[in-house]
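Working notes, structure below.
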Amino acid sequence: MATVSLKGIKKVYEGNVTAVHDFNLEIADKEFIVLVGPSGCGKSTTLRMVAGLEEITEGELRIDDKLMNDVAPKDRDIAMVFQNYALYPHMTVYENMAFALKLHKTPKKEIDKKVGEAAEILGITELLQRKPKALSGGQRQRVAIGRAIVREPKVFLMDEPLSNLDAKLRNQMRAEIIKLRQRIDTTFIYVTHDQTEAMTLGDRIVIMKDGLIMQIGTPQEVFDHPSNIFVAGFIGTPQMNFFDAQLEKTESGYAVRVCGALIALTDENAKKLAERNVGSMPVTLGIRPEHICFAAEGGETAIDGVISVSEMMGSEYHLHAATGENDVVMRVSTTDMPKELSGGAHFGTPIKYTFRPEQMHLFNKETEENLI
């Protein structure tokens, strides 16, 4: 088992193209870290630098406090699972899983034991004599994971391992990886562009954009307290709604004026703004679809909208409402729908809604940082 330390890691390609800027991360022994972000954000490049498949331009990579910058990939005691499985087509499942052990001159008896144990963990014992072409995508992915498990590496690297699978199989394999992690109990670094995978798998999530770390935190921390507009919009499905708003400082605290409504901030959030000496200013207000609720007639906190789309999702509705130039998305439980909308909200239906004050996020318009 191992700790992994990345200090000031930078990757610059020919033509002075910087793929990763000043990446700093301390990974604890047996921790499951997920690097997540849109395509081209530098997450796979970072993983490949840990694996030794990409040269580190600047900075220090340490595994178990040993400097690894110039250590060959085969000597780093890591195992990597790729997006495309990378299985040898002419070998059986057993031979694919045993290949690395044979290269290290591991005794046959020990190979049989390790391959058998890994196959049992992954539920592929009956597939050991098949060739990859006779396997489904999910079975091939299990074999690729099994090939990594038998080596008993200090660090397990996974580069978008589920992206080639269909949605149902992806959900199943995600659950398998959670079970696997509990059974083999090693350090994982996992790369994905799928925020659902990141939220369900990671002890901590590293959210990246344009080669920079935007935020590091537990799934709950990045969901509840996004540090900037990018993180707020990237994490959560459907994504957070954003509005142009005006923060107003009053004698009694703070309120925010948005879409003609005036909503007072909670005492807790007002205190945070006061401690930072924030005055009245234009802001971007962020609110998650599940934190928008129907409002009673009248009242200064009510916002007028007109339903443009109503999506029935089983236990809840996703309602799209037009308010001025804003398209607002609400997630409403079927049990919370007003009586007149219990059969679904039709196109053109007028509604009044408001925001839960304790769940509002306020962002600086210039820096895009979260003010709270």
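Data for the structure
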read-out	value
T45 among the β-branched types (V, I, T) and surrounded by fewer than 17 Cβ atoms within 10 Å (Cβ to Cβ)	no
Hey, A86 part of a helix (DSSP H, G or I) and out of contact with any Asp or Glu (no Cβ under 6 Å at 6 or more places or on another chain) or not	no
Matching entry among L285, L319 (being at pLDDT 95 or above and within 27 Å of the chain's Cα centre (by Cα))	L285
Failed item in (1) exposed (fewer than 15 other Cβ atoms within 10 Å of the Cβ); (2) among the β-branched types (V, I, T); (3) assigned to a loop (DSSP other than H, G, I, E, B), with T335 passing the rest	(3)
First in the stretch 342-353 and assigned to a strand (DSSP E or B), second anywhere and surrounded by fewer than 10 Cβ atoms within 10 Å (Cβ to Cβ), Cβ under 7 Å, 6 or more apart	K352/E297
Selection within the stretch 138-175 - farther than 21 Å from V115 by Cβ and not aliphatic (A, V, I, L, M)	D159, E160, S163, N164, D166, K168, R170, N171, Q172, R174
Residue within the stretch 154-176 that is in contact with a Cys (Cβ under 8 Å, 6 or more places away or on another chain) and part of a loop (DSSP other than H, G, I, E, B) present	no
Scope the stretch 177-186; condition part of a helix (DSSP H, G or I) and either within 17 Å of the chain's Cα centre (by Cα) or in contact (Cβ under 8 Å) with a residue 24 or more places away in the chain (or both); matching residues	I177, I178, L180, R181, R183, I184
Members of the stretch 169-183 found to be under 16 Å from R140 (Cβ atoms) and in contact with a Leu (Cβ under 7 Å, 6 or more places away or on another chain), listed by number	R170, M173, I177
Condition met for I184 (surrounded by 20 or more Cβ atoms within 10 Å (Cβ to Cβ) and either of a type outside the set (S, T, Y) or not assigned by TED's automatic domain parsing to the domain that holds E120 (or both))	no
Positions within the stretch 216-227 being surrounded by 20 or more Cβ atoms within 10 Å (Cβ to Cβ) and over 11 Å from the mean Cα position of the chain (by Cα), in sequence order	P226
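Here is a yes/no grid of residues against (1) within 15 Å of I263 (Cα to Cα); (2) of a type in the set (D, E):
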{"position": "G279", "(1), (2)": "no, no"}
{"position": "A296", "(1), (2)": "yes, no"}
{"position": "I303", "(1), (2)": "yes, no"}
{"position": "E311", "(1), (2)": "no, yes"}
{"position": "S315", "(1), (2)": "no, no"}
{"position": "H320", "(1), (2)": "no, no"}
{"position": "T323", "(1), (2)": "no, no"}
{"position": "L341", "(1), (2)": "no, no"}
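The values are calculated or read from the model by the stated rules, or taken from the named source; none is laboratory data. The shown structure was predicted, so the numbers you read here are calculated from the model rather than taken from an experiment. Counting neighbours? That spans all protein chains shown, and the Cβs are built from the backbone with ideal geometry, glycine included.
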